[in-house]
Structure formats: structure tokens, C-alpha cells
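Novice: Pasting a structure here, questions to come.
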Amino acid sequence: MNSLPLRYTGWMVRDVLRGPGIRMAVIGALTVWLAITAGGAVLGAKHAGLVFVFLATAGIVSQDLAGGYYRTLFATPVTPALYYLQRWLVGGVVVTFALVLIDAVIAWRVDAPIAGAELLARAGLVYLLVGGLVLLFSTVTRRDWVFAAIVIFAQSMLDQLRHLPFATPARVAEIGYRILPPFHLVGSSAPIPSGSELAHVVLYGVGLLALAFAVLWYRPLATGMRD
């Protein structure tokens, strides 16, 4: 009961491929077409990363709760926290594979080098940070990806406001900017973080996952509806 439910892996992969995977395939095909049309200079696999993370993690918990599927899933001795950890990891593998495939096709068609390790590192960090945030929201609301998108937008706006020439508003914006997840460190135009910045991203992402799993571990499923 206190181990990953590996026997569910095949079903999880199937569900991800038949649901988010189909939408990823459509977006991936469009990304490849646009990149080839632009000679690979404007659009690449990394630009689809954020969308793929949302697709792979949206509703990851809340859909099971809203549909009552948790009653069947956990009728057998399976720990919800570990079940959704495995489902989250499966989503990460699918996202990474999809991005690597897109990058390989674009590189082949436009005769460009494959991003390789850089793409894998960025995909992993984005999935950890953004996917961890969506998972956390998914334990308490059905609008998980919407709230995650709002947080991303708010962090971007606070980044602008903290440079205001007015001391108090700029200070408040700076505090909010530092509290929210460091999305700016994993953006498609930012270099791969290293050192203290990498530690900041990893620790923040792990913290989001820990909060999500704490909710799943200690809070009875479907307690208070997650609208």
C-alpha cells in the first residue's frame, strides 16, 4: 500500500496518450509546421513545453474527484498520494518524449542541431515547477490549470511593477515577486539555471509537490467540493 502502484502504469500511460496525448500531437504537428515554415529560427520544441505541461497535469486529481472515479480507484489498497505521484511522473515522461520528438523532427527538416540536454533540462524544470503547481491546485479545485496560469501571469506582472519609481508599490511588488514561484528562471528565452538559481527552482518545485502530497495524504478525498 505504501509503494508506487506500478501495476497501474500501463493504464496511466494509455489514459494520458488518449487524452492529453492527442491534443499534444495536434499542437506538436502545428509547432513543427510553423518551425519548418520559419526555418526553425522562430519556434521550437521548447516553446510548446508550457502548454504540454498544462495538458498533462490539468485535472490530474480534480477530475477523479468530480467524476467520483476515486471510489473505484481506491477501493483496492492504494495510497492516493502515491497513485497521483506516479500519474504525475507518467505525465512528465510523456511531455518529455513529445518535446524530444518535436525537436528531432524540426532539426531533421531544417538541418539544425538537436537541443538535446538543454531541452531535457528545461522540460524537467518546467514540469517540476508548473506541473507541481497545477497538481497542488488540483487537490483543491477543478480549475487547477486556470489558477496556475493566473499565478504565472501575476508573477510576470509583479516583475514589471517592482521596477516602478515609487518606493512603496515597488517594494510590495518585489515581495510578491519573490514569494511566487520563479517562473522567470525556466522561461523559453531564459538560460538554463545553475547554482543558486537552479537550487531555487528545484526546492520550490519539490515544495509544491510536498504540499500537494500532504493534502492527498492527510485530507480525506472529496472533503468539501473542489470547484
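Novice: Would you check if Leu203 is exposed (fewer than 15 other Cβ atoms within 10 Å of the Cβ) and either at pLDDT 95 or above or part of a loop (DSSP other than H, G, I, E, B) (or both)?
Specialist: yes
Novice: May I pose another question? Inspect all residues belonging to the stretch 131-138 and state whether any of them is surrounded by fewer than 17 Cβ atoms within 10 Å (Cβ to Cβ) and touching a residue at least 60 places away in the same chain (Cβ under 8 Å).
Specialist: No, the conditions are met nowhere in the stretch 131-138.
Novice: Could you look through the stretch 1-43, keep only residues that are assigned to a loop (DSSP other than H, G, I, E, B) and of a type in the set (A, V, I, L, M), and pick out the one that is modelled with the lowest pLDDT?
Specialist: The selected residue is Ala41.
Novice: Go through the stretch 1-28 residue by residue and tally those that are of a type in the set (Val, Ile, Thr) and either free of Cβ contacts under 8 Å to residues at least 24 places away in the same chain or farther than 15 Å from Phe97 by Cβ (or both).
Specialist: Within the stretch 1-28, residues that are of a type in the set (Val, Ile, Thr) and either free of Cβ contacts under 8 Å to residues at least 24 places away in the same chain or farther than 15 Å from Phe97 by Cβ (or both) number 2.
The rows are residues; the columns are (1) within 20 Å of the chain's Cα centre (by Cα); (2) surrounded by 14 or more Cβ atoms within 10 Å (Cβ to Cβ); (3) of a type in the set (A, V, I, L, M, F, W, C).
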position: Ser156; (1), (2), (3): yes, yes, no
position: Gln160; (1), (2), (3): no, no, no
position: Pro165; (1), (2), (3): no, no, no
position: Ile175; (1), (2), (3): no, no, yes
position: Phe183; (1), (2), (3): yes, yes, yes
position: Ser189; (1), (2), (3): yes, no, no
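Novice: For the stretch 63-84, which residues satisfy the criterion of being of a type in the set (S, T, N, Q) and assigned to a helix (DSSP H, G or I)?
Specialist: Gln63, Thr72
Novice: Looking at (1) under 18 Å from Val215 (Cα atoms); (2) in a helix (DSSP H, G or I); (3) of a type outside the set (Gly, Ala, Ser), find the lone condition where Ile60 falls short.
Specialist: (2)
Novice: Same structure again: Hey, among Trp88, Trp108, which residue is crowded, with 20+ Cβ neighbours inside 10 Å and among the aromatic types (Phe, Trp, Tyr)?
Specialist: Trp88
Novice: Okay, next question. Among the residues of the stretch 66-121, count how many are without any contact (Cβ under 8 Å) to a residue 24 or more places away in the chain and of a type in the set (Ser, Thr, Tyr).
Specialist: 3
The values are calculated or read from the model by the stated rules, or taken from the named source; none is laboratory data. Quick caveat, the model's predicted, so the values are computed rather than measured. Neighbour counts run over all protein chains shown; Cβ positions are idealised from the backbone, glycine included.
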